[in-house]
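Worksheet: the structure to be examined is printed underneath.
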Amino acid sequence: MTTVHHNPSRSEDARFPVPRPDEAHWPGLATPPHDPFRARIAEGLFRRAVAGLAVRVTYPDGTVIGAGGADAPVMQLVRPANVFHRLGADAKIGFGEAYMTGDWTTGPGTDLAELLTVFAAQMSRLVHPLLQRLRHVVERTQPVGEENTKENSRHNISRHYDLSNQLFEAFLDETMSYSSAWFEPGDSLEDAQLRKVDGVLDLARVREGMHVLEIGSGWGALAIRAAQRGARVTTLTLSSEQQALARVRAAEAGVDHLVDVQLCDYRDARGQYDAVVSVEMIEAVGEKFWATYFTSLDTLLAPGGRVGLQSITMPHDRMMATRRSYTWIHKYVFPGGIIPSIRSIEDNLAGHTALSVVERRDLGPHYAHTLRLWRERFLDAWPSLSGDFDGTFRAVWEFYLAYCEAGFRSGYLGVSQLGLARNPFPA
């Protein structure tokens with residue numbers, strides 16, 4: 001495996017169980033201990049699930065299973081025994097790991113996201129309802145060390161967002177927006193991202209002379225846009241890489257006098273602001289801390305103010321069934337994350353704040369398209385990245401972007417922009 005060039009600005013922590021791309025190996029990725037019994041069960045369950053799906057799964061000996069026709073997406077098992085050993089050891093993690101190691105791949109002409117969409121569309125029906133209720137007994141749960149306490153949150157965020165600013169620059173648009181865009185016909189990715197940002201700012205009623213708090217800076221796109229409206233912005237991030245580049249970008253845009261990028265946990269924020277905005281940050285909060293997060297929004301918002309929130313969502317029943325699961329995404333991409341449902345957001349608002357959802361805009365299909373563009377740009381840029389990241393890292397990010405795209409294409413995931421406000425006419 002190729003070792004990347006060391007970047008001394010990256011955070012380093014010996015506690016990280018998942019390798020950073022500047023390591024020369026991927027601990028824990030070796031084939032799990034041989035367990036023929038579990039592997040046989042995994043293969044039986046896999047065959048039964050695939051039998052009703054519009055896919056074709058091919059074995060090296062020419063065997064084909066699945067209900068798909070000649071034009072259906074093809075999953076090619078390269079080393080079936082390894083695939084089923086991984087699925088038997090941990091289905092939620094083993095499926096993605098088997099792709100990382102090349103134990104399975106897509107057939108010629110099959111797009112990875114198209115294949116995964118077929119599985120995602122049937123996700124809630126692939127596991128018997130009784131077994132779904134017993135998930136907490138048989139599935140791995142998220143490690144205590146990844147729970148989003150103040151200390152752990154910094155490490156969780158760093159593991160993803162401090163990888164390399166150059167990595168994100170390679171596939172994001174010029175605004176460096178890393179969240180769902182909002183497309184209209186003829187839009188470039190940059191146009192659609194600016195429309196998304198404006199949508200959130202409009203929900204929060206951001207205008208000249210206001211002091212705005214942003215929870216989750218990204219690389220500064222929203223803060224810069226708000227400053228260009230004439231607002232003063234305090235924006236919080238836990239990523240040192242994001243903080244550094246966001247400050248540079250604000251200066252380049254000529255609004256650094258209006259934008260204060262702080263390395264600060266939202267739980268340490270003080271004061272009151274005319275508007276609060278937060279784009280796809282709640283997914284990193286953790287269910288245990290949702291009440292704290294929404295209480296903070298309410299406490300930090302001045303009387304008469306509005307909140308503009310953008311959140312990935314999933315149906316409430318699926319969230320409840322999977323909320324304690326430890327998945328491939330947690331292990332390799334977003335440690336400590338959990339996606340809320342609209343109902344869970346509304347319940348937390350009602351239970352812990354005076355805020356409620358007063359406006360809502362759903363953008364699920366827009367996220368699928370955003371992710372497809374990101375994946376295309378990532379793969380196109382790979383030759384310029386391959387000196388810094390190894391082939392396993394490439395497989396991780398290709399699978400991650402396609403996996404998420406499939407979730408939005410199938411409707412298993414959604415994303416909403418929400419306007420929050422206090423009732424101006426209390427009973």
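The values are calculated or read from the model by the stated rules, or taken from the named source; none is laboratory data. Values in this document were obtained by computation on a predicted structure and should not be read as measured data. We place every Cβ from the backbone using ideal geometry, glycine too, and count neighbours over all the protein chains shown.
Structure data summary
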item: Residue among V261, V277 that is over 27 Å from F425 (Cα atoms), in a strand (DSSP E or B) and at pLDDT 95 or above; result: V261
item: Residue ranges of helices (runs of 4 or more DSSP H) in the range 146-223 with at least 1 members assigned by TED's automatic domain parsing to the domain that holds D268 and buried (at least 24 other Cβ atoms within 10 Å of the Cβ); result: 150-161, 189-203
item: Selection from the range 345-399 of residues that are out of contact with any Phe, Trp or Tyr (no Cβ under 7 Å at 6 or more places or on another chain) and among the aromatic types (F, W, Y); result: W382, F389, F393
item: Helices (runs of 4 or more DSSP H) completely within the range 284-393 that count 3 or more residues being touching a Ser or Thr at 6+ places or on another chain (Cβ under 7 Å) and either under 30 Å from D274 (Cα atoms) or in contact (Cβ under 8 Å) with a residue 24 or more places away in the chain (or both); result: 290-300, 316-322, 342-352, 364-385
item: Tally, over the range 355-377, of residues that are within 25 Å of L112 (Cα to Cα) and hydrophobic (A, V, I, L, M, F, W, C); result: 5
item: Qualifying position, being modelled with pLDDT under 95, among the hydroxyl-bearing types (S, T, Y), within 21 Å of R318 (Cα to Cα) and surrounded by fewer than 22 Cβ atoms within 10 Å (Cβ to Cβ), among Y400, Y412; result: Y412
item: Filter result for Y99 (within 16 Å of F399 (Cα to Cα) and aromatic (F, W, Y)); result: yes
item: Which numbered condition R249 misses (of (1) under 25 Å from E146 (Cα atoms); (2) at pLDDT 95 or above; (3) outside any strand (DSSP E or B)); result: (1)
item: E147 in contact with a Lys or Arg (Cβ under 8 Å, 6 or more places away or on another chain) and either among the charged types (D, E, K, R) or at pLDDT below 55 (or both); result: yes
item: Restricting the range 125-144 to residues that are assigned to a helix (DSSP H, G or I) and of a type in the set (K, R), the residue that is modelled with the lowest pLDDT; result: R135
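Yes or no, residue by residue, for (1) surrounded by 15 or more Cβ atoms within 10 Å (Cβ to Cβ); (2) under 15 Å from R38 (Cβ atoms); (3) assigned by TED's automatic domain parsing to the domain that holds G52; (4) β-branched (V, I, T):
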| site | (1), (2), (3), (4) |
| --- | --- |
| G62 | no, no, yes, no |
| G66 | yes, no, yes, no |
| L77 | yes, no, yes, no |
| A81 | no, yes, yes, no |
| R86 | yes, yes, yes, no |
| A89 | yes, yes, yes, no |
